[in-house]
Amino acid sequence: MNKAELIDHIAAQADISKAAATRALEAIIGGVKTTLKKSGSVSIVGFGTFAVTKRAARAGRNPRTGAAIKIKAAKVPKFRPGKGLKDALN
C-alpha cells in the first residue's frame, strides 16, 4: 500500500473527503517527524512505538574501489510494533 492508497482507505473508512484524509495523514506524519527530531518517541497504543536511536560511527568499504571509508554516527528512526499489531498478524 502506498500513500495514495492509504489516503483512499482513510477517506473510505472515516467517511471524509480525500482532501481531509490527506490533511489528516500529513498532520500525523508531521507530528511524528517533529517529535522524533526532538529525540522523543511516539507511542500509539495497539499499533507500536516510533523512537530515535543513535548509530555509532564505523568503518566501511567503498564497494566500487574497495577503499576504506569512515561512516559518520547518525540518528536513525526505529519502529517497535505493539501487541495489538502483532496479534492482528498472527
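What follows is calculated from the coordinates using simple rules that are stated; it is not laboratory data. What you are looking at is a predicted structure, and each value in this text was computed from that prediction instead of being measured. Every residue, glycine as well, gets a Cβ built from its backbone with ideal geometry; the counts of neighbours run over all protein chains shown.
Below is a table of values for the structure above.
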| item | result |
| --- | --- |
| Pick from the stretch 52-82, criterion more than 29 Å from Val32 (Cβ to Cβ) and basic (Lys, Arg), ranking: surrounded by the most Cβ atoms within 10 Å (Cβ to Cβ) | Arg61 |
| Qualifying residue in the stretch 32-48 (condition: among the charged types (D, E, K, R) and under 27 Å from Ala4 (Cβ atoms)) | yes |
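So that you can scan it fast, the table gives a plain yes or no per residue for (1) part of a strand (DSSP E or B); (2) under 20 Å from the mean Cα position of the chain (by Cα):
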{"position": "Gly46", "(1), (2)": "no, yes"}
{"position": "Thr49", "(1), (2)": "yes, yes"}
{"position": "Lys54", "(1), (2)": "yes, yes"}
{"position": "Gly60", "(1), (2)": "yes, no"}
{"position": "Arg64", "(1), (2)": "no, no"}
{"position": "Val76", "(1), (2)": "yes, yes"}
